[in-house]
Each structure stands twice: as structure tokens, then as C-alpha cells.
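> The structure is given below, and queries will be raised subsequently.
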Amino acid sequence: MPAAAATKIVWDAHSCLPLLSGIDMSVLRRHRAAGFDYVSINVGMDMNPIDQVLKTIAWFRHWLGQHQGEFQLIDTIADVKAAKAAGKLAVAFDLEGPKMLLEDAAMVAFYGDLGVKQMHLVYNRNNTVGGGCHDDDKGLTAYGRGVVRAINQAGIIMDCSHNGERTSLDIMEASEKPVVFSHANARALVDHQRNISDRQIDACAATGGVIGINGIRLFLEAKEDFAEPMARHVDYMVQRVGPDHVGLGIDISFNLGVDDHPPTADRGYWWPLSGRYSSTGTSNAGPEVLPGIVAHLRNKGYDQASLDKICGGNFARVAKETWR
Ligand SMILES: [Zn+2]
């Protein structure tokens, strides 16, 4: 293997396990088997009570600690490379929303110490930080600006998935570090509120950030196959902002046959009718989609250097510039 190939990192910027203590996380082996070196897994959204978020983090840390032969909870890019060299899957956590901060920006660094390496600030619906993609977005609040600062200072990747357009543009202007959309597709191809506009794509690239294309059927209008529409969204963004600003955030929700939805959280509020959510619509690609995406991009004429960036190099660059 050439030296350059040995240092390539294949990166899934966002996927999900049930947010429950006691679950078996070994399904993450599918990422390793599919060729991924790193995966960021969600540990909490705005609808999850803080006790659920903390118990989930505690369990995920415990489970990964018990399975260090195959998985490594990482802190730095050097850790990701070391995990890859040892044949392990590198894992870190991300948060989707700020409610678990309890209105205190100082809580950001606390989650950072627990393994959270990426965070976005609004989950679909308006909150005290800003506006959601399924709400009347009034933009980033004064408190929100403090949280963005805290995320920059804590060395956590600033994410804008699920945010309203105006709030995401405010965040990208306020952030001193590159800003990513860890799992978002192109609105120009599929008109859904969870997909992002050309303006958001351009602004993200201008920060030096990366957009991770997700494998959610609804946001791709995918039929049987996920690889072709995912490659199409990759290509749309590359044509717009170049190959340095596009990646993958598969967003598989591993179904372990358990329901982790908090009984107090109204599904119709978090995933409103306007979003046309349904159980079939939110079915998703698995990590195994990777070679298919690469094959479609090769057919479109992508060279190896561009493929390496899209499959992980771009997100690894942002992590290197952001993580401490
Ligand atoms: Zn999400």
C-alpha cells in the first residue's frame, strides 16, 4: 500500500444508536466492515431529557471502554490515526441541540470533556439559541452567540444541521472556526426544509467547512438505491463549492428493536406534518453504501484525490483545525 493510502481516513460525520443505557453497540462493527475509520454518534437531541443524555453518555463510554480491542473513544486526530493503524473504529460523540446545556454556555466544555466533539444548536424547532428548520426562524440569540463562542473555545466542531437558514448563516458569521453541516442534503435537488439552500452551502464553504451528505430516503427522494442519489447530492455540492467542502454523514439510525423516544416528547412537534415524515420516509442507507457512492462518483470522473477528500479527508481537516 502506498504511504499516502495508509493515512487516509474514512469518516462518517453522524450516525445514531438508541439513546439508552444498556444497549449493545457492537452493530458499529458494520462501519468498520464497510471501510469507515471514524464515526460520530449522537448522544442527545433537544427532545431528550438531560438524565437520558447523561445516562446515554455514561453507558456509551462504559461500553466502548469494555470493547477497546475493536473500538476507541478518541480525543484528537492523532487518536483517530492510531485507532485506524490498530485496526479499530474510532468513535466520538455529537449533540443535536442545546437543551442539555441547561441555559449555561459553560456546560459546553463539560460535554467536551465527556467525548462530545461536534455539536449543533437547534433541532428542527426554535429554542433559546436560535431558529429551527421547521420553525419561524428569528436568528441566533445573544445567548446563542455565547454558546457558539463556547463551542469554538472548547475545540468542538460547530455544526448547523437541523438549523433554520437565518440562524445557520448567523452562526457561520459568528464562528471563528470552520462550520459544518454534518448531515444535510441540497435543497435545490430535493425541496425539503431539512435540506440546505445554495446560500447555506456557499456560506459553509466560505468558513472552510464541510457538508456531510446523509442517507435519509425522504431527504434524497431515494427509491430502492441510496448510492446514486447520495452521489448526486455530493456532485451538486462539489460543482458548486469544489471538492474540499463535501463529505458524508450517513445518519443511519441503527434499529435494535427498542424505542428510545422519551414518552413526554411529542413526535408531531419535533417532526411536523410539513416535513412529510413517515417510517418509510426516514428509512436510511447503511454504512455499506460507501463503495456504491464511490463507484458513482468515479463514473462521473472524480479522481482519487477528490474521492479521498469527500470520503473523509475534508472532515478530518476540519477536526484537525478545531479539536485541541
Ligand atoms: Zn440529525
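The values are calculated or read from the model by the stated rules, or taken from the named source; none is laboratory data. Remember, predicted model here, so these are calculated numbers, not experimental data. Backbone-built Cβ (ideal geometry, glycine too); neighbour counts: all protein chains shown. The protein model used for the area step is the full one, side chains on, heavy atoms only, and it has no ligands, DNA or RNA in it. Shrake-Rupley method; radii C 1.70, N 1.55, O 1.52, S 1.80 Å.
> Distance in nm between label sites at residue 58 and residue 261, each 7 Å beyond Cα in the beta-carbon direction?
2.6
> Continuing with this model, one more query. Sequence-distant or interchain residues sharing an amide H contact under 5 Å with residue 247, placed H: which?
211, 212, 213
> So what J values fall out for the stretch 291-303 if you push phi through Karplus, 6.51 cos²θ - 1.76 cosθ + 1.60 with θ = phi - 60°, rounded to Hz, Gly and Pro as x?
Residue by residue, the stretch 291-303 yields x, x, 4, 4, 4, 5, 5, 4, 4, 7, x, 5, 8 Hz.
> Looking at the stretch 22-108, which trypsin sites (Lys or Arg not before Pro) are in a loop (DSSP not H, G, I, E or B) and have at most 10 other Cβ atoms within 10 Å? Numbers along the way, then the final one.
Values: sites: 29, 30, 32, 55, 61, 81, 84, 88, 99; in loops: 88.
Here no trypsin sites (Lys or Arg not before Pro) fit, given the DSSP loop and packing criteria.
> So what's the gap between the Cα centers of the stretch 259-324 and the stretch 79-158, to the nearest angstrom?
17
> If a paramagnetic tag sat 7 Å from the Cα of residue 128 along the Cα-Cβ line, which residues of the stretch 142-180 would have the backbone N under 15 Å from that point?
Only 142-148 pass the distance filter.
> What's the FRET efficiency of residue 153 with residue 199 using the Cβ-Cβ distance as r and R₀ = 30 Å, to the nearest 0.05?
Calculated transfer efficiency: 0.65.
> Any idea of residue 103's accessible area? Nearest 10 Å², probe 1.4 Å.
Roughly 100 Å² of residue 103 is accessible to a 1.4 Å probe.
> For the chain, give the percent of accessible area contributed by carbon and sulfur heavy atoms, probe 1.4 Å, rounded to a whole number.
Working: 6500 of 12640 Å².
C and S atoms contribute 51 percent here.
> Accessible area of residue 230, 1.4 Å probe, to the nearest 10 Å²?
Using a 1.4 Å probe on the heavy atoms, I get roughly 0 Å².
> Tally Lys and Arg at +1 and Asp and Glu at -1 over the other residues with C-beta under 14 Å from the C-beta of residue 228: what net charge comes out? Spell out each step's value before the answer.
Numbers: positive: 217, 223, 232, 298, 300; negative: 221, 224, 225, 235.
Surrounding charge for residue 228 is +1.
> Which of the trypsin sites (Lys or Arg not before Pro) found in the stretch 216-249 are loop residues per DSSP with 14 or fewer other Cβ atoms within 10 Å of their Cβ?
Here the sparse-neighbourhood loop sites are 223.
> I've got another one for you. Working from the pairwise distances between different alpha carbons, so that the mean of 1/r is found and then inverted, what is the stretch 228-324's Kirkwood radius in Å?
15.9
> Label residue 66 and residue 24 with points 7 Å out from Cα along Cα→Cβ: what is the distance between them in nm?
About 1.2 nm separates the two model spin labels.
> Next question, about the same structure. Can you work out the accessible area per residue across the chain, with the rest of the protein chains kept in place, probe 1.4 Å, in square angstrom?
Accessible area per residue: 39 Å².
> Oh, and also: Would you mind getting me the FRET efficiency between residue 114 and residue 173? Use the beta-carbon distance for r and R0 = 45 Å, nearest 0.05.
Details: r = 29 Å, r/R0 = 0.64.
E(calc), rounded to 0.05, equals 0.95.
> What share of the DSSP beta bridges in the stretch 125-264 is antiparallel, in percent to the nearest 5?
Values: 1 of 8 bridges.
Among the beta bridges of the stretch 125-264, antiparallel pairing accounts for roughly 10 percent.
> Please compute the contact order of the stretch 188-272 in relative form: average sequence separation of alpha-carbon pairs under 8 Å and at least six residues apart, divided by the residue count, as a percent.
Answer for the stretch 188-272 is 32 percent.
> Could you go through the stretch 56-65 in sequence order and give the Karplus-derived ³J(HN,Hα) for each residue, using 6.51 cos²θ - 1.76 cosθ + 1.60 with θ = phi - 60°, rounded to whole Hz, and x for Gly and Pro?
Once θ is set to phi - 60°, the couplings for the stretch 56-65 become 5, 4, 4, 5, 4, 5, 4, 4, 5, x Hz.
> On full extension of the chain, what length is gained from residue 274 through residue 51, given 0.36 nm per residue of separation minus the C-alpha to C-alpha distance?
Contour length minus the Cα-Cα distance gives 77.3 nm.
> Over 10 Å intervals from 0, what percent of Cα-Cα pairs in the chain sits in each interval?
6, 29, 39, 23, 3, 0
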